[in-house]
Amino acid sequence: MKVLYLTVPSFFDLDISLVREMSALVDVHVLLVVSPQSLKSSAFSIEKIDSRCEIFSANEYNAIQKYKDVIDLKKWFVANNPDNSFFSCIKLSKKIKNFIRRNHFDILHVTSACKTIFFLTPFIYSFPYTLLTVHDPIDHGNISWFENFFRRKMFYRANKNVLLLSTALLDSFCKKYHVKKNRIYFSSLSVYDILTTFKTMRNMYGNYILFFGRIEPYKGVDVLVTAYEKSELPSKGIKLVIAGKGNLCITDSDLSKDVIFINRFIENDELANLIRHCKYVVLPYLSATQSGCVMSAFAFNKPVLATDVGDFPLTIENSKTGMICEANNIDSLCRAINEMSKINLDILSACIKERFCENGPFSWSSIAKSLFNVYESIVLNSRN
């Protein structure tokens, strides 16, 4: 079985681990669509995009080549869109179609409806065996009519099979996009172990809890700041570090000295060490599907305090791998922060380590085997 895994830099950190394990089961090639909108994303980070509108070997991209010890560069390729213009998208999509035909792939596994991939919609519709991974079944906030109708409804229908990473929003997804449940398969995420390969740096902030990721209104960071300042942590000398680019909606002058706001894009070597040295990670989201932030924290066996939205209550076991509190509720979050300070975090860390160990039920190895079964089911069901 020969698989083309068509993806984007946003998922590069999880793709590295998943493809590594999938390669032991199937002949998988990766085509990474890069555009100016994805220069700083996940484990993929570059300053300037290549000027060619072309498909070429991943060996030619330093952002990927530096991972040569953990991925097979001979099977990773870049579909480079230098300006993301209409003309470039059309041109590159034609090159992708030729690449697929030339290499005689059996299954096309797509992870994104980005602009370039969107122009492949008619081709995807005609391809025999396709699978689309949907990372966000329900979008956060408002999206344009164009994106909702064309990118979502048409694209979901063009892909014959859909892979969700959680059961939490299954009914909402099917209802909104008119996708039949018999077309849907399920998988999950494991720990983003690529982060653990970055060398350890010194702890710059002492004792602290950590929020990280792009600052967006739906992530409830303002709720976190208020809850933290009401909690017992400041009096115990435990700081709150907020690491990520975006508008906090709180002026620096309103932040206490115990709140450290690193308002910029966080490169992965810095992120790895922020997680490595923190007491635990807190995700006060107001809405969510699943979040890679949980798996980034779990990669370092760090417990997670999160709200009761999306997949969090399914991924985080209360008092075992973290704690769940009520979303958009300052008092509930404050109580949970105080409770976390009384728990033996080493016990929670040990539980995380056990669940996500190599060949464990939540490991990338187990997920790859499950995905291989999905591929086989797609082929079998299409023949019947």
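Here are some notes:
- Selection of segment 308-323 for residues being touching a strand residue (DSSP E or B) at 6+ places or on another chain (Cβ under 9 Å) and closer than 19 Å to Ile275 by Cα yields Phe312, Thr315, Ile316, Thr321, Gly322, Met323.
- Among the residues of segment 66-87, those that are surrounded by fewer than 22 Cβ atoms within 10 Å (Cβ to Cβ) and of a type in the set (Val, Ile, Thr) comprise Val70, Ile71.
- Flag if Phe186 is within 30 Å of Glu354 (Cα to Cα) and assigned by TED's automatic domain parsing to the domain that holds Ser112: yes
Residue-wise test of (1) within 22 Å of the chain's Cα centre (by Cα); (2) within 23 Å of Ser41 (Cβ to Cβ); (3) surrounded by fewer than 22 Cβ atoms within 10 Å (Cβ to Cβ).
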site	(1), (2), (3)
Asp222	no, no, yes
Glu229	no, no, yes
Pro234	no, no, yes
Glu270	yes, yes, yes
Met295	yes, yes, no
Ala299	yes, yes, no
Lys302	yes, yes, no
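- Taking first residues from segment 88-107 that are crowded, with 21+ Cβ neighbours inside 10 Å and partners that are among the charged types (D, E, K, R), the Cβ contacts under 7 Å between residues at least 6 apart in sequence or on separate chains come to Cys89/Lys115; Phe105/Lys2.
- Test set (1) crowded, with 16+ Cβ neighbours inside 10 Å; (2) over 28 Å from Ala350 (Cβ atoms); (3) among the β-branched types (Val, Ile, Thr) - Ile238 fails condition number: (2)
- Among the residues here, Thr289 does not qualify as in contact with a Cys (Cβ under 9 Å, 6 or more places away or on another chain) and among the β-branched types (Val, Ile, Thr).
- Filtering Ser144, Ser126, Ser166 for residues that are polar (S, T, N, Q), modelled with pLDDT of 85 or more and assigned by TED's automatic domain parsing to the domain that holds Leu6 leaves a single hit, Ser126.
- Long-range neighbours under 9 Å by Cβ, at least six apart or interchain, first residue at positive phi within segment 333-358, second surrounded by 17 or more Cβ atoms within 10 Å (Cβ to Cβ): none
- Matching residues in segment 48-57 - criterion: being surrounded by 14 or more Cβ atoms within 10 Å (Cβ to Cβ) and within 19 Å of Asp83 (Cα to Cα): Ile49, Asp50, Cys53, Glu54, Ile55
- For segment 338-384, a residue qualifies if it is closer than 30 Å to Ile238 by Cα, in a helix (DSSP H, G or I) and at pLDDT 90 or above, and the qualifying residues are Asn338, Glu339, Met340, Leu345, Asp346, Ile347, Leu348, Ser349, Ala350, Cys351, Ile352, Lys353.
- Residue within segment 28-39 that is surrounded by fewer than 16 Cβ atoms within 10 Å (Cβ to Cβ) and modelled with pLDDT of 90 or more present: yes
- Scope segment 67-94; condition part of a helix (DSSP H, G or I) and either of a type in the set (S, T, N, Q) or more than 28 Å from Glu21 (Cα to Cα) (or both); matching residues: Phe86, Phe87, Ser88, Cys89, Ile90, Lys91, Leu92, Ser93, Lys94
- Selected residue (only one of Lys279, Lys257 is in contact with a strand residue (DSSP E or B) (Cβ under 7 Å, 6 or more places away or on another chain), outside any helix (DSSP H, G or I) and of a type outside the set (Asp, Glu)): Lys279
- When segment 169-210 is filtered for residues that are hydroxyl-bearing (Ser, Thr, Tyr), assigned to a helix (DSSP H, G or I) and either over 30 Å from Lys239 (Cα atoms) or without any contact (Cβ under 8 Å) to a residue 12 or more places away in the chain (or both), the ones remaining, listed by number, are Ser172, Tyr177.
- In segment 169-210, the residues that are of a type in the set (Phe, Trp, Tyr), modelled with pLDDT under 90 and within 21 Å of the chain's Cα centre (by Cα): Phe173, Phe198
- Yes/no for Ser287 being assigned by TED's automatic domain parsing to the domain that holds Asp308, outside any loop (DSSP other than H, G, I, E, B) and among the hydroxyl-bearing types (Ser, Thr, Tyr): no
The values are calculated or read from the model by the stated rules, or taken from the named source; none is laboratory data. Fair warning: this is a prediction, and the values are worked out from it, not measured in the lab. Here the Cβ is made from the backbone with ideal geometry for all residues, glycine too, and neighbour counts use every protein chain on show.
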